[in-house]
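The block underneath contains the structure these notes are about, expressed in structure tokens.
The values are calculated or read from the model by the stated rules, or taken from the named source; none is laboratory data. Since the model is a prediction, treat every value here as computed from it, not as a measurement. Neighbour counts are summed over all protein chains in view; Cβ atoms, including those assigned to glycine, are modelled from backbone coordinates with ideal geometry.
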Amino acid sequence: MELLFPAAVKADGENIDTALRFVRSLEAEGGTEMLPALRAALVDQNVSGRDTIRQVVFLTDGAIGNEQQLFDEIGQNRGRSRVFTVGIGSAPNSFFMTRAAEIGRGTFTYVGSESQVGSRMIELFTKLETPVMTNLVARFDGVNASDVSPNPLPDLYAGEPLVIAAKLAAGGSLENAKLALSGEFAGQPWRVEMPLSGAATGPGVGKLWARRKIASLEALRSNDTDINQVDRTIENVALAHHIVSRLTSLVAVDVTQSRPGSKKLDTKKLPLNLPDGWEFNKVMGDASPLQKASYKRAANRTRQLMAPAPNAKMARLVAARTKSVNLPQTATPADRNIIAGLLILLLAFMLWMTQRMWGGLVRATGARG
Amino acid sequence: MAMRRWKDSPAQVKLWRLLIIVVALAGFSLIGNGVWIKAKAELAQVLLDRAFAKTVSGEVDVRPWPWADISPVARMSVSRLNKSAVILNEASGEALAFGPALVRGSPMPGEEGTSIISGHRDTHFSWLRYLDTGDDIDIKNARGADQRFRVTGMRIARFDEANIDINSFGQKLALTTCYPFDAKTSGPLRYIVEAELIQ
């Protein structure tokens, strides 16, 4: 990893030139080492500075493997920094990017394709440059609230809503309950209070809370020692609210059987696809022997399917290749036997006639002699 | 005269008569065998017909005759030719003497795939040559259900190159017998009538 500026510098012509030259000289060599880069970006030279906001933009188009390490790094060393994540293309996983931004009190920007990079980044920079409401704190008065999320509350940028999910103690009256929000806006203290007595109930609120709860439990996994306990809690929350988590899935069972009734169920390994737009050769180098074999099979299959319309010769070839059922012998010797028998009877009759004739002849000559 | 002396001998005359009797007996036995094969085929069908009627009415382990090791699985009829036959469960040489039979490995008529039924060209399937495209073949299975197949075509192939796919799509039927029909010796050719389930 190379570090260009160890701390924030003024964006004047000279510094921008230096930065551009640095970026142009970079050469990608396959993998992306995200952890050291993130660690370097989070080092704050001015820890107690309260007049400025420190914003870190984490931008990648690569797949992220060591999620937990990166979460830990942000959670432990974020200080006063805000981490904004930007994912380009289909490789970066949205869970990581969203969660990382949440821990870093920033936002996640998704850029679907290269053509959107310009417009999306302008949106992000506009957001970063507009005044923000910082150090937000939510306090519930007159009611016991637990599991408030997000925790910590993120900064509020222009045009953004603040969505808080919290679990209120059962049975408590909301008559005098209030939600108090306080923070700093452009360096000035700011505070607003909302009565909870007028709050409406909604079916999706529970699920929202459960998702947030599970996300925060997942984050706990890094520092908490009892991982099994955390997993059990996640499972219970997910089951109670019917949501998908690392430990629970929604299963739809299609009861119509599409395979022939005589075929047994079979288990086989299937190759996984690369993210959309990736090319196998570029990622893995040359194709593995296994891959080559599978390409070859596919090519052979195609060639077979491309066989010309059947003619007599082809039909014979196909017939010879297809293993078909041998048909049994289906002729009895009955007719042959009857005919042969008749012929032999005829022979016997002729022999008999011969004997009669010879006998008569012999007798005749004998009488004369 | 040498001839006269030879013919005059009574021993010679006796031998000559014996020869005639042996040849005649051989002839009668061959005819008898042929007629027996045909009679057996006819009689077996009558007994099988009764056994099949009992099977359809729900009796189990029905035997057409006490020592039989075959059982009827379906009854086929072609109303245009006024012909019918009871079909046996397995096409071994033994079974084929008594009726057309399902070729081992092929599905029951009406099940997915191609059901192959073979029969002797000179007894039960002697009328196969008169079937024509568009003819209806009715098959009643052992549970009494009726199915109608319609002939889609006829062809001739070697026994080992018939190329009938028993796992084909759809419910198909192939009736096969030896070819040519009037040959007196057995050969490698088979006549195949192909049909498809229509209801």
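In region B:26-46, which residues are more than 7 Å from chain A (Cβ to nearest Cβ) and surrounded by 18 or more Cβ atoms within 10 Å (Cβ to Cβ)?
Matches in region B:26-46: B:A41, B:A44, B:Q45.
Among the residues of region B:132-171 satisfying the criterion of being charged (D, E, K, R) and over 18 Å from B:R190 (Cα atoms), which is surrounded by the fewest Cβ atoms within 10 Å (Cβ to Cβ)?
Checking each candidate, the answer is B:R143.
Under 8 Å between Cβ atoms, at least 6 apart or on separate chains: pull out the pairs that start in region B:34-53 with a residue that is charged (D, E, K, R) and end on any residue that is part of a helix (DSSP H, G or I) and modelled with pLDDT under 90.
Note: pairs meeting the criteria are B:K38/A:A334.
Strands (runs of 3 or more DSSP E) wholly in region A:151-205 with at least 1 residues that are loosely packed, with under 14 Cβ neighbours inside 10 Å - which ones?
A:178-185, A:188-195
Only residues that are surrounded by fewer than 20 Cβ atoms within 10 Å (Cβ to Cβ) and in a helix (DSSP H, G or I): list them for region A:65-105, please.
A:E67, A:Q68, A:Q69, A:D72, A:G75, A:Q76, A:N77, A:S94, A:F95, A:T98, listed by residue number.
Do we find that A:A309 is in a loop (DSSP other than H, G, I, E, B), modelled with pLDDT under 65 and more than 14 Å from every other protein chain (Cβ to nearest Cβ) in this structure?
Yes: the conditions hold for A:A309.
Based on this model, can you work out whether A:N135 counts as within 19 Å of A:A100 (Cα to Cα), surrounded by 11 or more Cβ atoms within 10 Å (Cβ to Cβ) and not assigned by TED's automatic domain parsing to the domain that holds A:I53?
Spelling it out, A:N135 is indeed within 19 Å of A:A100 (Cα to Cα), surrounded by 11 or more Cβ atoms within 10 Å (Cβ to Cβ) and not assigned by TED's automatic domain parsing to the domain that holds A:I53.
What pairs can you find where one residue is in region A:157-184 and aromatic (F, W, Y) and modelled with pLDDT under 85, the other is outside any strand (DSSP E or B) and buried (at least 16 other Cβ atoms within 10 Å of the Cβ), and their Cβ atoms are less than 6 Å apart, with a gap of 6+ or different chains?
A:Y157/A:K127; A:Y157/A:V132
Being of a type in the set (A, V, I, L, M, F, W, C) and exposed (fewer than 11 other Cβ atoms within 10 Å of the Cβ) is the requirement here; does A:A11 meet it?
yes
Among the candidates B:D61, B:D132, B:D138, single out the residue that is free of Cβ contacts under 8 Å to residues at least 24 places away in the same chain, away from chain A (no Cβ under 13 Å) and touching a strand residue (DSSP E or B) at 6+ places or on another chain (Cβ under 8 Å).
B:D132
Can you tell me which residue is farthest from B:G34 (Cα to Cα) among those in region B:107-124 that are at the interface with another protein chain (Cβ under 7 Å from one of its Cβ atoms) and buried (at least 22 other Cβ atoms within 10 Å of the Cβ)?
B:I116
Condition test on A:R212, is it closer than 30 Å to A:S249 by Cβ, touching a residue at least 60 places away in the same chain (Cβ under 8 Å), not assigned by TED's automatic domain parsing to the domain that holds A:I103 and not in a strand (DSSP E or B)?
Taking the combined requirement at face value, the residue satisfies it.
Is it true that some residue in region B:81-95 is surrounded by fewer than 20 Cβ atoms within 10 Å (Cβ to Cβ), at pLDDT below 90, within 14 Å of chain A (Cβ to nearest Cβ) and out of contact with any strand residue (DSSP E or B) (no Cβ under 9 Å at 6 or more places or on another chain)?
yes
Picking from B:R155, B:R143, B:R121, B:R129, which residue would you name as being at pLDDT below 90 and over 21 Å from the mean Cα position of the chain (by Cα)?
Checking each option against the conditions leaves just B:R143.
Could you list all residues from region B:160-197 that are over 17 Å from the mean Cα position of the chain (by Cα), more than 9 Å from every other protein chain (Cβ to nearest Cβ) and more than 20 Å from B:Y130 (Cβ to Cβ)?
B:S168, B:F169, B:G170, B:Q171, B:K172, B:L197 - these are the residues of region B:160-197 that are over 17 Å from the mean Cα position of the chain (by Cα), more than 9 Å from every other protein chain (Cβ to nearest Cβ) and more than 20 Å from B:Y130 (Cβ to Cβ).
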